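Starting off with a structure, shown below.
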Amino acid sequence: MGIDQYMYETYYEDFDDIEDVEYIECKFDAIDFEDIKSCRFEKCQFRGCNFNGSSILNSAILNSSFRFSNFFSTTFTDCKLTGSSFIDTNISLIDITGGDWSYTDLSQQDFSKKKFVKTDFSGSDFSFTNLTQASIDECLFIGTRFLDTLLIKTDIRGSKFDGNIVHTKMKDTKIDLEQAILIAGTKGATFTP
């Protein structure tokens with residue numbers, strides 16, 4: 001069975017569960033989405049869409065933009081959102097497990113008390129994002145932009161960072177030895193065992 005493909009279309013009707021469908025450069029205006037499985041959205045625009053309670057599984061949403069959309073209790077599992085942005089959209093109540101969120105604009109979000117596991121956030125923008133009391137386990141943050149990002153009482157042990165981590169605000173942050181050496185190195189210190 002082949003994958004259905006739609007290009008350059010605009011949608012105004014609500015969607016039931018969708019699976020194995022590809023949308024390229026499509027527009028979705030004020031659409032209610034239910035569950036999404038193994039779909040691909042590329043260079044799409046989502047404006048005023050409702051993803052509340054949706055489960056998005058093994059799907060790619062690439063170089064797409066979300067404006068004024070709702071994501072209450074939405075789960076993303078093993079999804080790829082490379083290059084996507086969330087503008088005037090609050091995604092603080094989503095759950096992310098696995099996947100590739102590299103080069104995604106996640107700035108100005110409140111992810112306090114959230115848990116992120118095995119997700120690639122390399123090159124993403126976390127500027128002015130609140131990660132207070134979050135648990136970030138085995139995630140990748142290489143080339144990630146941090147500007148006034150809050151890591152207050154956050155557990156980041158087991159995740160990989162580069163020198164950009166110094167642009168975060170930390171207090172009572174749980175870090176591992178590798179992260180401690182990295183942070184010390186950015187301040188001119190050298191680790192000697």
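Name the single residue that is least open to solvent (accessible area, probe 1.4 Å) among those in region 106-123 being in contact with an Asp or Glu (Cβ under 7 Å, 6 or more places away or on another chain) and over 16 Å from residue 155 (Cβ atoms).
It comes out as 106.
Please find, among 185, 158, the residue that is modelled with pLDDT under 95 and out of contact with any Gly (no Cβ under 7 Å at 6 or more places or on another chain).
Details: 158 fails: modelled with pLDDT under 95.
Only one candidate qualifies: 185.
Separate question: Please pick out the residue among 37, 43 that is out of contact with any His (no Cβ under 8 Å at 6 or more places or on another chain), modelled with pLDDT of 95 or more, over 20 Å from residue 74 (Cα atoms) and open to solvent by 50 Å² or more (accessible area, probe 1.4 Å).
On the way: 37 fails: over 20 Å from residue 74 (Cα atoms).
None of the other options fit; the residue is 43.
Residue 117 versus (1) over 12 Å from the mean Cα position of the chain (by Cα); (2) within 20 Å of residue 74 (Cα to Cα); (3) of a type in the set (A, V, I, L, M): which is the lone unmet condition?
Only one criterion in (1) over 12 Å from the mean Cα position of the chain (by Cα); (2) within 20 Å of residue 74 (Cα to Cα); (3) of a type in the set (A, V, I, L, M) is unmet by residue 117, namely (1).
Results for (1) in a loop (DSSP other than H, G, I, E, B); (2) under 18 Å from residue 122 (Cβ atoms), shown as yes or no for each residue.
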position	(1), (2)
136	no, yes
143	yes, yes
147	yes, yes
151	no, yes
157	yes, no
164	no, yes
170	no, no
178	no, yes
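Answer yes or no as to whether residue 55 is within 30 Å of residue 113 (Cβ to Cβ), within 15 Å of the chain's Cα centre (by Cα) and modelled with pLDDT of 95 or more.
Details: within 30 Å of residue 113 (Cβ to Cβ): yes; within 15 Å of the chain's Cα centre (by Cα): yes; modelled with pLDDT of 95 or more: yes.
Spelling it out, residue 55 is indeed within 30 Å of residue 113 (Cβ to Cβ), within 15 Å of the chain's Cα centre (by Cα) and modelled with pLDDT of 95 or more.
Taking the residues in region 69-92 that are in a strand (DSSP E or B) and among the aromatic types (Phe, Trp, Tyr) as candidates, determine which candidate is farthest from residue 56 (Cα to Cα).
Here is the first cut: in region 69-92, the residues in a strand (DSSP E or B) are 70, 75-80, 85-87.
Of the ones still in play, those that are also among the aromatic types (Phe, Trp, Tyr) are 76, 86.
On the way: 76: 5, 86: 16 Å.
Of everything passing the filter in region 69-92, 86 is farthest from residue 56 (Cα to Cα).
The values are calculated or read from the model by the stated rules, or taken from the named source; none is laboratory data. Quantities reported herein were computed from a predicted structural model and do not represent experimental measurements. Virtual Cβ from ideal backbone geometry, glycine too; neighbours counted across all protein chains shown. These area figures cover heavy atoms from the full protein model, side chains too; ligands, DNA and RNA do not enter into them. Shrake-Rupley method; radii C 1.70, N 1.55, O 1.52, S 1.80 Å.
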